[in-house]
Amino acid sequence: MGRSSLEKAIAEFGRKEPGLNTNGWSGFEALWALDMLGHCEMAGTKGRFVVTLAQPSLARLPGLEISRAALVGARSAGTLKEIQAACGTVGLGVNVVVSEIAADSGIASIDRIVLESETFDAIQGVADSVGIPLTRQPAGWELACASTTVFDFQNGIEWVPSYPVPDEAEHFSPDTLRFCEGYSGGLRLARWKEFATNKTIYALRKDGAVAFLDSPEWGRHVELSASGASSIRYDAGRKIFAIRATARPPRLLARALCLCSGKLPAIAEADTGKGKTLWLAFEEVPQPVANIVSEKLGQEAGPLPF
Amino acid sequence: MNYAEWNNEIAKRFFAPECDGRRVFLSITKDLIEELGGAKGVQDFIAAVKQGPGETMRANSGLCARLLETTKRWRQRGAPDFPPYIATLALFVLGASYDGDEEAESHSYHKRLRELLGEPESYNPIYKFYDCISVWDDLETWSSHDKEGAFGVFHVEFSGPWMFVGIPISQTLLTEKERASLGEVFSTAGLDPAIQYSDAHIAAAIVEHGRGHLLKRTIRRLSGEAGTSEGLREVLLERLHEELEQWQTTDFSQMEDGLPGQFVKDRPTRVLVSLQYLTVSRTVQTKLFFDGRGLDVDSYFTLKSSRTGKVFSVEVERRSWSHPFYLDGNVAQANELDWLAGDNLNGTGAGLKFIFAGGNVRIFESGTDGVAHLIERGRIPAHGPFWLAVSSQATDVIEWGRTSCKGWQEARVDAGLPGGWRLFKADQADSTSGIENKHPSLCLPSFARIVLAGGLKLGKASRYLSSSPPQLVAQTPPGDFSLTCNGVPLSIGPSPVSVPAELLQEKNVVELRDTQNPDKTRKCSFYLVKAETLPWKTGLEFGFSARNGTGAGNGGARISGALVLDWESPGLPMRDSLDGESVVLLGRKPGQIANGNGVIDWSPVWIVSKGRNRRVFFCGNTVETSEPEKSQVGDRKAVRKWQEVIYYGRRSIQPPRHRRLSALWSNYITIAKNV
């Protein structure tokens with residue numbers, strides 16, 4: 001898929017932002033938001049991101065009170081009309097709820113389209129009618145189960161022995177969860193900017209060896225898991241799963257958490273006594289999903305700091 | 001041939017699927033008309049145009065009046081097929097098309113058109129000729145907007161008094177044969193399509209390498225010889241810039257098909273210098289790279305300097321700037337190459353010819369386009385700051401900088417530049433007259449140009465999503481200019497200008513007017529398209545990720561959006577979501593009851609909360625398969641508890657809100673009553 005098609009899609013998702021630009025940092029954040037919501041696939045291979053639209057689907061949302069499914073993936077302006085028409089025709093009491101998701105990104109708002117009904121049978125009827133597949137189980141659970149673990153990720157990376165990391169490289173601190181330090185040995189995530197191409201390189205360092213990463217998110221959690229630190233918190237009562245904003249989850253786990261509610265995480269601030277920290281707070285995350293995400297990240301979830 | 005046949009033949013010749021997204025000029029010549037219509041083709045063509053389309057041929061009105069009426073009727077019919085006015089516009093161009101090396105003269109255009117039509121001799125235009133400007137505009141709308149550039153893109157680029165003759169004359173500046181030979185000229189001249197050269201550089205290079213390929217009049221115009229029109233030279237230069245930008249050197253798909261006779265030339269690729277000036281140490285670090293954004297595949301090159309025999313290597317990912325050049329395993333400094341004499345770097349593959357340009361001056365601008373620090377440019381910017389590396393031989397450049405540039409100052413460099421080179425920076429070049437002949441890259445634009453920047457462009461024509469229109473950049477030579485969009489003035493500066501949302505329409509006309517010479521007003525249009533009107537392309541390919549978040553390969557789980565394919569997830573342990581102590585689970589049969597954390601061998605249908613505000617939630621698979629059964633299971637105590645919760649507790653439990661679930665719950669109450 002070409003960039004123009006993607007931009008067309010992004011413009012459709014967030015039509016209220018007149019100056020939308022997929023270049024630069026805000027554009028990257030916009031893509032990241034769309035990826036978390038399952039609208040596109042921002043898959044990196046060999047240092048290059050390829051962004052493609054995701055296949056349209058209806059993602060079951062967990063919850064006991066009511067059956068709900070969020071529309072994710074590629075959609076055109078006509079998709080909503082088709083679904084609304086199908087709901088009217090099928091006559092199974094399926095409501096289409098359209099709301100706006102405020103995103104702290106390059107997109108001002110994204111339309112959240114959720115089908116609600118008393119049973120998933122009715123939603124399945126609409127899904128069949130419009131030809132959009134409905135996930136068998138809650139999408140957050142399926143995605144979290146399918147995601148690789150931090151240990152498998154670590155076992156799969158390729159180490160380059162004796163690579164000269166530039167002196168100006170910064171290293172991720174498991175204490176502050178920021179890039180701020182020089183190398184002091186052990187397994188650490190490093191980053192530096194390549195002079196001629198202006199590209200930021202992320203690599204894990206272990207003594208003299210280096211492993212270049214496509215996903216700095218996994219790199220952070222490899223380091224956190226190895227150091228025994230934790231960047232995640234969970235409150236089963238409030239069903240909020242929080243993760244430090246400077247150590248956000250790898251993209252498929254982020255999507256698993258987002259598709260518990262169909263919403264982007266809220267930004268929450270917590271005062272730890274030493275200073276304020278920012279957290280990504282994912283809502284409506286049931287205990288099983290929280291457990292498996294913690295397990296995949298190789299970390300223990302502590303109590304919420306806010 | 002009658003009018004419709006001529007119209008169709010000419011339209012097919014210029015607007016065709018293979019012109020998709022490319023600029024179209026109606027470069028009609030007598031040769032072309034004779035090629036289409038035979039030896040007497042010109043007379044036949046003129047006779048057909050004078051007669052006009054069938055629907056208006058009997059109308060007792062002039063050629064232009066009939067043309068306007070035909071256009072109006074065609075639009076009313078929904079604009080089917082090709083526009084019916086192309087043959088008449090072709091005749092207008094033929095009036096400006098001179099044989100061989102004759103020079104067109106705009107003042108005699110009307111006289112010549114009258115001659116072709118057999119009208120009385122006069123320098124005045126034919127009746128309603130000026131009104132036909134709307135037909136040229138319609139051709140632009142049809143090609144760019146209606147057909148989305150799929151058959152080529154026609155632009156009307158003039159406004160102001162000169163446009164009436166300027167539009168037809170500008171179609172003839174390059175003949176089809178000249179246009180076909182431009183690739184060879186560009187290649188021989190070593191012009192890289194990725195570089196923006198100055199007008200003086202383009203003109204000098206084409207004059208030097210275009211002889212034998214281009215008409216003498218084209219060479220004369222570029223040279224600015226006496227007797228040639230300065231206005232036409234500017235338009236010609238603009239066309240050459242555009243042809244270079246659009247130049248496609250190699251069609252690999254056709255090469256793979258083994259089609260014979262394809263013109264395949266190595267694309268000249270400029271090796272550029274990136275420069276970092278370290279103010280504290282007063283040193284510079286330089287690297288070599290090239291613009292690989294035109295490459296569709298990841299590539300690796302081994303390149304040998306034809307001067308020194310040094311072997312460089314460089315890697316580039318498709319559609320990106322290259323990585324830095326390497327020499328002997330280390331990043332190569334740019335002074336490994338000869339800055340004065342230049343060099344050719346010979347390698348194999350990808351159809352590229354690497355050139356390191358030599359000269360006394362190298363121009364740099366602050367990093368943009370994703371490249372850090374200062375990057376080398378082919379020309380100085382029309383507005384804003386730039387840096388120059390100047391050899392000690394070029395004292396004239398230093399003198400020019402001192403007298404003609406704002407903020408000119410030397411940046412002292414103790415190490416890092418080739419011997420004898422100095423580094424200067426300037427805030428703005430005020431004038432380049434006097435210096436541009438000897439150093440063509442030091443040349444401000446010689447004509448005004450409107451550039452559309454950014455926005456979400458749909459395809460190659462000037463169509464943009466209405467949610468994201470382009471910004472406007474006015475590239476102007478020194479002088480006073482005014483920029484307008486839909487008639488409303490906008491500011492001009494080095495930065496792109498946004499058009500206020502309230503001014504935007506479906507078709508937006510931008511004009512750039514030289515206040516001293518309004519004849520030379522430049523014009524361009526862009527169209528805004530609403531997202532709702534866009535259909536999705538059929539066969540859209542969706543992306544898939546692997547379990548670790550990289551692109552999915554062959555085998556293993558594939559993830560796209562919410563879908564997980566080729567992967568079996570375990571069932572969601574729903575009861576883990578519950579606080580086992582505070583809920584009761586109920587099954588379909590009397591006696592199927594357990595606490596939330598109890599061990600059960602049946603599927604729960606209902607979850608009932610304990611406490612004051614009791615609610616019941618459906619957790620069965622489907623309503624149809626969750627109907628209650630009368631047959632009892634378990635001991636009498638369990639059956640009694642099942643009845644107690646459902647029947648005796650019915651007044652304290654809030655039932656499901658939804659109709660079908662509420663009905664299902666009522667069925668359970670009925671069964672529980674009779675247990």
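Remarks
- Members of the range B:1-28 found to be of a type in the set (Ser, Thr, Tyr) and either touching a Leu at 6+ places or on another chain (Cβ under 7 Å) or part of a loop (DSSP other than H, G, I, E, B) (or both), listed by number: B:Ser27
- Residue check, B:Arg657 part of a loop (DSSP other than H, G, I, E, B) and either more than 28 Å from A:Thr135 (Cβ to Cβ) or modelled with pLDDT of 85 or more (or both): no
- So A:Ser162, is it modelled with pLDDT under 90 and closer than 22 Å to B:Asn330 by Cα: yes
- Considering the range B:403-452, and only residues there that are without any contact (Cβ under 8 Å) to a residue 60 or more places away in the chain and basic (Lys, Arg), the residue that is nearest to B:Val510 (Cα to Cα) turns out to be B:Lys406.
- Residue count, the range A:120-144 (criterion: under 17 Å from A:Ser261 (Cα atoms) and within 7 Å of chain B (Cβ to nearest Cβ)): 7
- Boolean, B:Trp665 is more than 14 Å from chain A (Cβ to nearest Cβ), over 60 Å from the mean Cα position of the chain (by Cα) and either closer than 26 Å to A:Phe120 by Cβ or of a type in the set (Val, Ile, Thr) (or both): no
- Against the test of being modelled with pLDDT of 90 or more and either of a type in the set (Asp, Glu) or surrounded by 20 or more Cβ atoms within 10 Å (Cβ to Cβ) (or both), the options A:Ala30, A:Ala122, A:Ala127, A:Ala43 yield a single qualifying residue, A:Ala127.
- Just so you know, in the range B:285-313 the residues that are of a type in the set (A, V, I, L, M, F, W, C) and modelled with pLDDT of 90 or more include one that is surrounded by the fewest Cβ atoms within 10 Å (Cβ to Cβ), and it is B:Val311.
- So A:Trp218, is it aromatic (Phe, Trp, Tyr) and in a helix (DSSP H, G or I): yes
- Failed item in (1) at pLDDT below 90; (2) in contact with a helix residue (DSSP H, G or I) (Cβ under 9 Å, 6 or more places away or on another chain), with B:Trp421 passing the rest: (1)
- In the range B:565-583, the condition of being closer than 22 Å to B:Ile669 by Cα and not acidic (Asp, Glu) is met by at least one residue.
- Residue match in the range B:203-216 (condition: of a type outside the set (A, V, I, L, M), part of a helix (DSSP H, G or I), over 30 Å from B:Ala341 (Cβ atoms) and at pLDDT below 85): no
- Strands (runs of 3 or more DSSP E) lying entirely in the range B:468-567 (those with 3 or more residues that are within 14 Å of chain A (Cβ to nearest Cβ)): B:558-560, B:563-565
- Entry remark, the range B:418-439: residues being crowded, with 21+ Cβ neighbours inside 10 Å and in a loop (DSSP other than H, G, I, E, B) number 4 in total.
- Of the residues in the range B:181-191, at least one is touching an Asp or Glu at 6+ places or on another chain (Cβ under 6 Å), part of a helix (DSSP H, G or I), outside the structural domain of B:Val42 (by TED's automatic domain parsing) and under 30 Å from B:Phe290 (Cβ atoms).
- Here A:Ala203 meets the list (1) touching a residue at least 60 places away in the same chain (Cβ under 8 Å); (2) surrounded by fewer than 23 Cβ atoms within 10 Å (Cβ to Cβ); (3) in a strand (DSSP E or B) almost entirely, failing just condition (1).
- Residue, nearest to the chain's Cα centre (by Cα), within the range B:447-463, restricted to residues that are within 10 Å of chain A (Cβ to nearest Cβ) and under 16 Å from B:Ser498 (Cβ atoms): B:Lys457
- Among the candidates B:Leu586, B:Leu563, residue that is closer than 17 Å to B:Ile653 by Cβ, aliphatic (A, V, I, L, M), at pLDDT 80 or above and crowded, with 17+ Cβ neighbours inside 10 Å: B:Leu586
- Check on B:Pro168, part of a loop (DSSP other than H, G, I, E, B), more than 25 Å from the chain's Cα centre (by Cα), at pLDDT below 90 and not hydrophobic (A, V, I, L, M, F, W, C): no
- Among the residues of the range A:131-185, none is identified as outside any loop (DSSP other than H, G, I, E, B) and among the hydroxyl-bearing types (Ser, Thr, Tyr).
- Matching entry among B:Leu295, B:Leu340 (being within 24 Å of B:Glu245 (Cα to Cα) and part of a loop (DSSP other than H, G, I, E, B)): B:Leu295
- Members of the range A:49-100 that are of a type in the set (A, V, I, L, M), within 7 Å of another protein chain (Cβ to nearest Cβ) and either within 11 Å of A:Ile113 (Cα to Cα) or free of Cβ contacts under 8 Å to residues at least 24 places away in the same chain (or both): A:Val50, A:Ala54, A:Ala59, A:Leu64, A:Val72
- Checked against the criteria, A:Ala190 counts as crowded, with 16+ Cβ neighbours inside 10 Å, free of Cβ contacts under 8 Å to residues at least 40 places away in the same chain, among the small types (Gly, Ala, Ser) and outside any loop (DSSP other than H, G, I, E, B).
- Which numbered condition B:Leu173 misses (of (1) closer than 30 Å to B:Pro268 by Cα; (2) out of contact with any Leu (no Cβ under 9 Å at 6 or more places or on another chain); (3) surrounded by 22 or more Cβ atoms within 10 Å (Cβ to Cβ)): (2)
The values are calculated or read from the model by the stated rules, or taken from the named source; none is laboratory data. These numbers were taken from a predicted model, which means no experiment stands behind them. Every residue, glycine among them, receives a Cβ derived from its backbone with ideal geometry; neighbour counts consider all protein chains shown.
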